[in-house]
Amino acid sequence: MASRFAYRVGEHTIRVGQLYRDTDTTTIRTLRVDHLDVQRHSDRRWYCQVSCTVIRHQHGENVTEPMEPVSVPATRLAGDAYLLLSEY
C-alpha cells in the first residue's frame with residue numbers, strides 16, 4: 001500500500017503520527033512520523049522516505065526535546081533499528 005498517510009513494508013505499516021524509538025540503548029531518540037514521501041523509481045519499485053521529528057533525545061541521564069527533523073528510509077524504520085511505541 002502506498003499513500004500520503006500509510007506505507008506497508010512487509011508485515012509492518014508505517015503511518016503518519018506513529019512514534020518510534022531507537023533500539024540502541026546508549027543514545028535513544030523518539031521519532032514522530034510527520035510525512036511519507038512515496039515514489040516509484042525507474043526500476044518500477046516503490047520507495048518511501050519517512051520524514052520524522054526527533055521529539056525526545058536521551059543520552060545517558062541527559063534528556064532533551066530537540067524537535068529537529070530527520071529523514072529515514074521506510075525499510076529501516078520498519079526494521080530492527082527502531083521500535084514502534086505508539087500508533088498515534
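The values are calculated or read from the model by the stated rules, or taken from the named source; none is laboratory data. What you see is a predicted model, and the numbers here were worked out from it, not measured in a lab. So basically every Cβ, Gly included, is an ideal-geometry build from the backbone, and we count neighbours across all protein chains shown. Accessible surface areas use protein heavy atoms only, side chains included; no ligands, DNA or RNA. Shrake-Rupley method; radii C 1.70, N 1.55, O 1.52, S 1.80 Å.
Remarks
- Residues His57, His41, sorted by accessible area with the largest first, give His41, His57 [1.4 Å probe; ligands and nucleic acids excluded].
- Phi-based couplings in Hz for the stretch 66-76 (Karplus 6.51, -1.76, 1.60; Gly and Pro marked x): x, 6, 9, x, 8, 10, 9, x, 4, 5, 6
- Share of carbon and sulfur in the accessible area of the chain stands at 49%, probe radius 1.4 Å.
- Neighbour-limited loop hits for trypsin sites (Lys or Arg not before Pro), the chain (at most 13 other Cβ within 10 Å; DSSP other than H, G, I, E, B): Arg4, Arg44, Arg45
- Per residue accessible area of the stretch 1-63, 1.4 Å probe, in Å²: 63 Å²
- Percent of C-alpha pairs per 5 Å bin in the stretch 45-88, short distances first: 5, 17, 21, 29, 17, 7, 2, 1, 0.
- Take every Cα pair under 8 Å whose residues are at least 6 apart in sequence, average their separation, divide by the length of the chain, and the relative contact order is 31 percent.
- Using only Cα coordinates, the Kirkwood hydrodynamic radius of the chain works out to 13.3 Å.
- Distance (nanometres) between label positions extended 7 Å along Cα→Cβ at His41 and Glu61: 4.5 nm
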